[in-house]
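Shown next, in structure tokens, is the structure this report addresses.
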Amino acid sequence: MSTPYAWLEDALITIHRADWYRSVQATQGRAGAVVQMDGQAVINFASNDYLGLTGDDRLMQAAIAAIQEFGTGSTGSRLVSGHRELHEQLERAIAALKQTEAALVFSSGYLANVGTVSALVGKRDLILSDQYNHSSLKQGAILSGATVLDYAHGDVAQVQQLLAQHRDRYRRCLLLTDSVFSMDGDLCPLPELLALSDTFEAMLLVDEAHATGVLGATGAGGVEHFGCTGRAIVQVGTLSKALGSLGGYVAGSATLIDYLRNRAAGFIYTTGLSPADTAAALAAIAIVQQDPDRRAQLWQNVTTLKQALSQQLATRSNLEMKLLASESSILCLQVASPAIVLHLGKQLRQAGIFAPAIRPPTVPISRLRLTLMATHDSTHLEKLVIALNQALKKTEGNKSKTKEG
Ligand SMILES: *Cc1c(COP(=O)(O)O)cnc(C)c1O
């Protein structure tokens, strides 16, 4: 007999058939540049923990002290019983890092985007969104009820054209972009978007998830990197990547933050950030500000690996593989064939390297996605390059065999 839930099985079968089925994979032990998987130590090139702070003793001690003082949860929404002085300290620290008047902490970066976008615009408004934007920006746009127009990735001319054509017919307008694009590692054209937002009286929201703690002279992110500090921008980000904790935030003018505190459902109707997460993020921001060498080490690793990968690809032009232009700690080796990229990922894994193969529908063209950490040392990078070299040699061998056959 059929049940109202029988369609779930069918849906899963369809997902399997399309080769889009996904499952979770456990790592064991403390987070870091080397983790355990299936009892094997693997060098981790799949983490968003760019500064290696998640397993840092200072963050862990801060989290433990907060639990001992306040307990494990925050017991309520921030506007009712869940607000602590610690939350305010964290919000002041985020505002200081970003050099904005104020900041507001959310339970996750995902919720910060959904909550902020849907609070800033509604049915009478227009959103222009980069086609490669993060899922949370896209979901926020849908939830807002605004008219959403996607523009081609990084295409400023198209943004200008769409604004000229449509802006007049809408009340408010919001431009949405990631600052670092998570599946490519490239940056948005921020100064150009900011100029257009001025000309056409549009708000500009930038998602700094992969940029905070990484980009900019003080680690403030892409806004600082592009010299746009102090401009009228809605800056959203996460506490769960370079800052090694969990949670999200919005930074901007005091008026913006006051409005969101009163109107963002994703802030109002959810439990406040836990004391442990709040204290860990606060400790991470102090490290970002006091220890620029950590960020310098990350960038040194990016430069070293970029050079090594370029050299390797130069000698293997027959593989139709390319290193995508990146200005972040995310480096991608693009390979047209999903089968080849899966095979490369598996071979690296056998060699003790964790580097995920990313395939459609997540990205249009499949790729090996490598993320660097400040705590990778030179032997970690050397091992990756050697293992990749061997995996590529085998792939070339297979390719020429199939050509002959
Ligand atoms: C990870 C990420 C988010 C979500 O942040 P969480 O804190 O993990 O929910 C939002 N935007 C971008 C671009 C991200 O990469």
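The values are calculated or read from the model by the stated rules, or taken from the named source; none is laboratory data. No experiment lies behind these values; they were computed from the predicted model shown. Note that we place each Cβ from the backbone using ideal geometry, even for glycine, and neighbour counts take in every protein chain shown. What goes into the accessible areas is simple: the full protein's heavy atoms, side chains included, and nothing from ligands, DNA or RNA. Shrake-Rupley method; radii C 1.70, N 1.55, O 1.52, S 1.80 Å.
Charging the Cβ of each Asp and Glu at -1 and of each Lys and Arg at +1, and nothing else, the dipole of region 57-290 about its Cα centre rounds to 640 debye. In this Cβ point-charge picture (+1 for Lys and Arg, -1 for Asp and Glu), the chain has a dipole of about 880 debye about its Cα centre.
Along the axis of the charge dipole computed for the chain (Cβ charges of +1 for Lys and Arg, -1 for Asp and Glu, origin at the Cα centre), the listed residues LEU331, PHE45, LEU8 are led at the positive end by LEU8.
Near ALA63, once Lys and Arg are set to +1 and Asp and Glu to -1 for all other residues with Cβ below 12 Å from its Cβ, the sum equals -3.
Between the Cα long axis of helix 57-70 and the first principal axis of the chain there is an angle of about 40°, rounded to the nearest 10.
How much length, in nm to one decimal, is gained on full extension between THR218 and SER317, taken as 0.36 nm per residue of separation minus their Cα-Cα distance? Numbers along the way, then the final one.
Numbers: separation 99, 0.36 × 99 = 35.64 nm, distance 3.87 nm.
Net length gain for the segment: 31.8 nm.
Counting only protein chains, not ligands or nucleic acids, how are LYS306, LYS98, LYS394 ordered by accessible area (probe 1.4 Å), most first? Let's see the in-between values first.
Working: LYS306 65, LYS98 5, LYS394 125 Å².
The ordering from most to least exposed comes out as LYS394, LYS306, LYS98.
Here the gap between ILE15 and ARG231, fully extended at 0.36 nm per residue and compared with their Cα-Cα distance, gives a gain of 73.3 nm.
The solvent-accessible area of SER197, taken with every protein chain present and a 1.4 Å probe, is close to 10 Å². Extension gain, ALA195 to SER2: 0.36 nm times the residue separation minus the Cα-Cα distance gives 63.7 nm. Label positions at ALA265 and ARG30, each projected 7 Å from the Cα along the C-beta direction, are separated by 4.2 nm. Rounded to the nearest 10 degrees, the angle from helix 338-350 to the longest Cα principal axis of the chain is 80 degrees.
Only one residue of THR315, ALA66, THR147 has its Cα farthest out toward the positive end of the dipole of the chain, where Lys and Arg carry +1 and Asp and Glu -1 on Cβ, and that residue is THR315.
State log₁₀ I(q)/I(0) for region 143-239 at q = 0.16 Å⁻¹ as given by the Debye formula over alpha-carbon point scatterers of equal weight, solvent excluded. These q points yield log10 I(q)/I(0) values of -0.67. CYS188 sits with roughly 0 Å² accessible to a 1.4 Å probe, with DNA, RNA and ligands left out of the calculation.
Computed as a quarter of the hull surface, the mean projected area of the alpha carbon convex hull for region 57-290 stands at 11.7 nm².
If the convex hull of the alpha-carbon atoms of the chain is projected onto planes in all directions, what is the mean projected area in square nanometres?
Details: hull surface 95.8 nm².
With the hull built on Cα positions only, its mean projection is 24.0 nm².
What percentage of all Cα-Cα pairs in region 85-162 are separated by more than 13 Å? More than 13 Å apart: 71 percent of the Cα pairs in region 85-162.
Under a 5 Å amide H cut-off, with hydrogens placed 1.01 Å from N, SER77 pairs with GLY82, GLY272 among residues at least 5 apart or on other chains.
Shape summary: region 1-65 maps onto an equivalent ellipsoid whose semi-axes, from the alpha-carbon gyration tensor, are 38, 17, 11 Å in decreasing order.
Pairs LYS241/LYS306; LYS123/LYS322; LYS138/LYS393: which exceed 32 Å Cα-Cα?
Values: LYS241/LYS306 21 Å; LYS123/LYS322 42 Å; LYS138/LYS393 40 Å.
Those over the limit are LYS123/LYS322; LYS138/LYS393.
In whole angstrom, note down how far apart the Cα centers of region 191-214 and region 282-332 are. Going from one Cα centre to the other spans 24 Å. Summarising the label geometry, the points placed 7 Å from Cα in the beta-carbon direction at GLN290 and SER310 lie 3.7 nm from one another.
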